[in-house]
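Written below as structure tokens is the structure these notes are about.
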Amino acid sequence: MQSFSRLERKFGQFSLAANLFSWSFNRDLERTSGYFSPPDFLVYNAEVAWEGDIANFLRCRLAANLGQQRLKGEFDNANTYQTRCMVKVSPNIEADLGYSFSNVRNQETGGSAYGGNSLTGQLRVKF
């Protein structure tokens with residue numbers, strides 16, 4: 001079973017949100033297959049975000065999540081910090097660049113993601 005719930009309230013360019021994520025498997029297959037399948041995984045947090053136009057061609061979003069995670073009955077901090085910017089190069093070309101830091105457990109491996117950083121990018125071309 002997997003469940004995700006989000007309550008969000010926007011105040012102009014700012015937003016506040018509460019997130020709840022739970023994941024439960026009947027059998028823990030991690031030892032036999034390496035697949036992260038805990039019988040008990042829960043993450044809840046609060047998010048503060050800002051999104052807006054910095055220039056007519058540049059839109060960015062900054063967000064911070066602070067909360068807790070529970071894995072197999074043990075609680076730990078669950079914090080995420082994100083930024084993403086979209087650049088409109090031309091009417092037909094856009095590019096996204098994002099950065100994220102998270103210490104939430106890796107959902108695929110269950111391993112610790114402390115110091116987990118990711119950099120993402122995307123190029124969109126309209127034909």
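For this structure, a couple of remarks:
- Potential lengthening between L16 and Y44 on full extension [0.36 nm per residue; Cα-Cα distance subtracted]: 8.7 nm
- The helix-based estimate of mean residue ellipticity at 222 nm for the chain, built from -39,500 (n - 2.57) per DSSP H run of four or more residues and divided by its residue count, is -500 deg cm²/dmol to the nearest 500.
- Accessible area per residue in Å² at 1.4 Å probe, computed on the chain: 67
- Long-range HN-HN contacts of V104 with modeled amide H, under 5 Å: N79
- In the assembled protein chains, W50 presents an accessible area of approximately 60 Å² (probe radius 1.4 Å).
- Magnitude of the charge dipole, the chain, Cβ model with Lys/Arg +1 and Asp/Glu -1, debye to 20: 300
- Against the set (1) 11.9; (2) 9.9; (3) 9.2, the structure's computed mean projected area of the Cα convex hull in nm² falls on (2).
- Rounded percent of accessible protein surface that carbon and sulfur make up, the chain, 1.4 Å probe: 57
- Partner lysines whose Cα lies under 17 Å from the Cα of K126, excluding those fewer than 8 positions away in the same chain, are identified as K88.
- For region 12-23, backbone phi angles converted through the Karplus equation (6.51, -1.76, 1.60; θ = phi - 60°) give residue-by-residue couplings of x, 8, 9, 8, 10, 8, 10, 10, 9, 10, 10, 9 Hz, Gly and Pro being listed as x.
- The HN-Hα couplings worked out from phi for region 94-100 by the Karplus form 6.51 cos²θ - 1.76 cosθ + 1.60 (θ = phi - 60°) are 10, 9, 10, 9, x, 9, 9 Hz, whole numbers, x standing for Gly and Pro.
The values are calculated or read from the model by the stated rules, or taken from the named source; none is laboratory data. None of the values given here were measured: they were computed from a predicted structure. Note that we place each Cβ from the backbone using ideal geometry, even for glycine, and neighbour counts take in every protein chain shown. Please note that ligands, DNA and RNA were not included when accessible areas were found on the heavy atoms of the full protein model with its side chains. Shrake-Rupley method; radii C 1.70, N 1.55, O 1.52, S 1.80 Å.
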